[in-house]
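The values are calculated or read from the model by the stated rules, or taken from the named source; none is laboratory data. Because the structure is a prediction, the values reported are computed rather than measured. When we count neighbours, we look across all protein chains shown, and the Cβ atoms used for this are built from the backbone with ideal geometry, even at glycine.
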Amino acid sequence: MTRTMIGKVYAIQPQPPVEENMRYFDAGALRFGVEYRALDPESLIETYKDRPAELAEMLEKSPEGGFADEGVTVHVFDATDGYEYLRFDMFDDEPHYHYIHKTTDGSIVNNVLDFDVPSHGDMLPFVFQALRTRLPEMLEQAGGDTLARKVDAATVEHALVDVEACCIQARRGT
């Protein structure tokens with residue numbers, strides 16, 4: 001399937017989750033993770049320091065002064081192999097989401113789409129509407145066709161109640 005990409009495309013994986021900041025929620029073939037993330041140029045340089053090509057690309061595409069933002073993130077993983085297909089960064093300054101493509105040749109395609117706050121408002125309702133109504137299509141867009149066919153809507157909905165509550169708590173700092 002040919003996938004059209006809009007937004008920004010990187011040949012590097014997004015910064016990995018910080019495990020001690022993660023809460024996981026199982027949903028059959030999927031596993032959701034909720035994390036409060038704080039990005040800054042120093043942590044990004046530390047992440048990519050041993051991968052010079054990825055570090056160079058990250059620095060080249062960074063805004064003046066580097067990437068710095070924070071907020072709640074929802075990760076969508078394959079429960080079997082732990083591959084992250086989707087990420088929703090509900091950041092304070094530049095909310096966005098990722099399609100993290102699983103390609104057949106092993107190359108990395110991290111497709112980042114900015115969220116239009118003036119048009120859509122708070123990103124949290126968008127995230128949960130997308131997860132409830134468009135998850136299989138979004139997984140397919142990220143190259144997770146096989147995983148998309150395994151999604152059970154009732155199991156996902158059951159997990160999303162807790163995922164959403166966790167996001168709201170994380171926003172409040174509780």
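Those strands (runs of 3 or more DSSP E) of region 63-136 in which 2 or more residues are among the β-branched types (Val, Ile, Thr) and in contact with a strand residue (DSSP E or B) (Cβ under 6 Å, 6 or more places away or on another chain) occupy 69-78, 108-114.
Filtering region 140-152 to residues that are part of a helix (DSSP H, G or I) and surrounded by 12 or more Cβ atoms within 10 Å (Cβ to Cβ) leaves GLU140, GLN141, ASP145, THR146, LEU147, ALA148, LYS150. Assess whether ALA27 counts as being surrounded by 15 or more Cβ atoms within 10 Å (Cβ to Cβ), in contact with a Ser or Thr (Cβ under 6 Å, 6 or more places away or on another chain), among the hydrophobic types (A, V, I, L, M, F, W, C) and closer than 30 Å to ARG149 by Cα. So ALA27 fits the description; yes. Checking LEU44 against (1) at pLDDT 90 or above; (2) surrounded by 14 or more Cβ atoms within 10 Å (Cβ to Cβ); (3) under 18 Å from the mean Cα position of the chain (by Cα), only one condition comes out false. Which one? LEU44 satisfies every listed condition except (1). Considering region 25-57, the residues that are outside any loop (DSSP other than H, G, I, E, B) and of a type in the set (Lys, Arg) include one that is nearest to ASP162 (Cα to Cα), namely ARG31. On the basis of being surrounded by 15 or more Cβ atoms within 10 Å (Cβ to Cβ) and out of contact with any His (no Cβ under 9 Å at 6 or more places or on another chain), does THR80 make the cut? Answer is no for this residue.
The condition of being out of contact with any helix residue (DSSP H, G or I) (no Cβ under 7 Å at 6 or more places or on another chain), surrounded by 15 or more Cβ atoms within 10 Å (Cβ to Cβ) and at pLDDT below 95 holds for only one of PRO17, PRO63, PRO52, that being PRO17.
A quick yes/no check of all residues on (1) touching a residue at least 24 places away in the same chain (Cβ under 8 Å); (2) hydroxyl-bearing (Ser, Thr, Tyr); (3) more than 20 Å from ASP116 (Cβ to Cβ):
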| site | (1), (2), (3) |
| --- | --- |
| THR47 | yes, yes, yes |
| ASP50 | no, no, yes |
| PRO63 | no, no, no |
| VAL76 | yes, no, yes |
| ALA79 | yes, no, yes |
| MET90 | yes, no, no |
| GLU94 | yes, no, no |
| TYR97 | yes, yes, no |
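In this structure, does GLU137 turn out to be without any contact (Cβ under 8 Å) to a residue 60 or more places away in the chain, surrounded by fewer than 19 Cβ atoms within 10 Å (Cβ to Cβ) and closer than 15 Å to MET5 by Cα? Criteria met by GLU137.
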